[in-house]
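The values are calculated or read from the model by the stated rules, or taken from the named source; none is laboratory data. Please read all numbers here as calculations on a predicted model, not as lab measurements. Reconstructed Cβ throughout: ideal geometry from the backbone, glycine too, with neighbour counts over all protein chains shown. We work out accessible area using only protein heavy atoms, side chains counted, and drop any ligands, DNA or RNA first. Shrake-Rupley method; radii C 1.70, N 1.55, O 1.52, S 1.80 Å.
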Amino acid sequence: MHFLFETADGLKQLIQIHTFSAIILTILAIPLTLLMKKGSIYHRACGITSLLLAVIFSASAILMLFNSFLIPHLTADIPNYQIDAAYVYNTHPDLLLLGLISMFGYAMFSAYRIWPRIKHSKNNRITSNIIDWTLTLIAAWVAVFYFQVFLYDIGRHPSYANIYLTPAAIMLVFAAFDVYTFTFRPQISGNPWWALHMSKMLFAWITLIKGFLFRDFHLPLNKTVFHEVTSTLLWMATCILVYLIFRKRFDRLSTRK
């Protein structure tokens, strides 16, 4: 295993695995999961496939953090992004990778966890365990970390700082709602659980899309900010639209769970 952590070729292999799984997730697995009839065997199969690919994607990213060649690799890309004023790139580029993968991992795995939490209920109220608490702590860490970056950059590069404020707020809202479900254990019937599952899956997908967009196209600062704001508004509008259109069907499917 030392080959993966101590050599440039090891890092290259991890990047290849990470990139391949990201491509399959982004253009095939997650879109098919979202398009398949909800509750069908095909939807479940695509969902499990997406989950397994997400494990590979997340694990390869985490393993990269232990490779000594990662920092030079990330640092070499800084000029391409035209964001030299952003402290996270100049001082801790590995934390940016950890923050991004944490955000994706939380959204993806907590979206899946909604169904086991409902399935294991014995009194018609949602359950939780150490996995759910761990995922929520990850979301809270991302919220705090990104907000710290926002505060640090606001005086140096306010336009770029805004990129971190939006995901920090989203992660904080998700974490707060999770804690609410852990503490007050609302009933499992009704459409909120489908809506929550759908919104987290869409957020995981849009995080992947933004990862490709920012990583491969080296957008200038003004376009990066524009795409961050636009993608967030599009995600929110899509979640609301899908909820309004399918809420009655979500109710029926939730009752069967």
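Here is a yes/no grid of residues against (1) open to solvent by 60 Å² or more (accessible area, probe 1.4 Å); (2) in contact with a strand residue (DSSP E or B) (Cβ under 7 Å, 6 or more places away or on another chain); (3) within 22 Å of residue 118 (Cα to Cα):
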{"site": "161", "(1), (2), (3)": "no, no, no"}
{"site": "164", "(1), (2), (3)": "no, no, no"}
{"site": "183", "(1), (2), (3)": "yes, no, yes"}
{"site": "188", "(1), (2), (3)": "no, yes, yes"}
{"site": "191", "(1), (2), (3)": "no, no, yes"}
{"site": "197", "(1), (2), (3)": "no, no, yes"}
{"site": "202", "(1), (2), (3)": "no, no, yes"}
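Please find, among 54, 85, the residue that is surrounded by 14 or more Cβ atoms within 10 Å (Cβ to Cβ), modelled with pLDDT under 90 and touching a helix residue (DSSP H, G or I) at 6+ places or on another chain (Cβ under 7 Å).
Criteria check complete, one pass: 85.
Any residue in the stretch 31-48 that's under 19 Å from residue 243 (Cα atoms): show its pairings with residues that are in a helix (DSSP H, G or I) and charged (D, E, K, R) at Cβ separation under 8 Å, as long as the two are six or more apart or on different chains.
Taking only residues 6 or more apart or on different chains, the pairs are 38/249; 39/256.
Would you please list the contacts, defined by Cβ atoms under 7 Å and residues six or more apart or on different chains, that run from a residue in the stretch 171-195 that is under 16 Å from residue 236 (Cβ atoms) to a residue that is among the β-branched types (Val, Ile, Thr) and open to solvent by less than 20 Å² (accessible area, probe 1.4 Å)?
Partner pairs satisfying both residue conditions: 171/142.
Based on what the data block shows, is residue 49 in contact with a His (Cβ under 8 Å, 6 or more places away or on another chain), under 16 Å from residue 112 (Cβ atoms), outside any loop (DSSP other than H, G, I, E, B) and not aliphatic (A, V, I, L, M)?
No.
The conditions are (1) within 21 Å of residue 52 (Cα to Cα); (2) surrounded by fewer than 17 Cβ atoms within 10 Å (Cβ to Cβ), and residue 125 fails exactly one of them. Which is it?
(1)
State whether the residues of the stretch 15-26 include one that is open to solvent by 80 Å² or more (accessible area, probe 1.4 Å), more than 21 Å from residue 201 (Cβ to Cβ), part of a helix (DSSP H, G or I) and not aromatic (Phe, Trp, Tyr).
Yes: one or more hits.
Go through (1) over 18 Å from residue 103 (Cβ atoms); (2) modelled with pLDDT under 85; (3) open to solvent by less than 70 Å² (accessible area, probe 1.4 Å); (4) not basic (Lys, Arg) and name the single condition residue 237 misses.
Result: residue 237 fails condition (2) only.
So which residues in the stretch 57-75 are without any contact (Cβ under 8 Å) to a residue 60 or more places away in the chain and open to solvent by 20 Å² or more (accessible area, probe 1.4 Å)?
Once the filter is applied, which keeps residues that are without any contact (Cβ under 8 Å) to a residue 60 or more places away in the chain and open to solvent by 20 Å² or more (accessible area, probe 1.4 Å), the stretch 57-75 yields 59, 62, 63, 65, 71, 72, 74, 75.
Restricted to the stretch 128-137, and to residues that are within 19 Å of the chain's Cα centre (by Cα) and open to solvent by less than 60 Å² (accessible area, probe 1.4 Å), which residue is farthest from residue 171 (Cα to Cα)?
132
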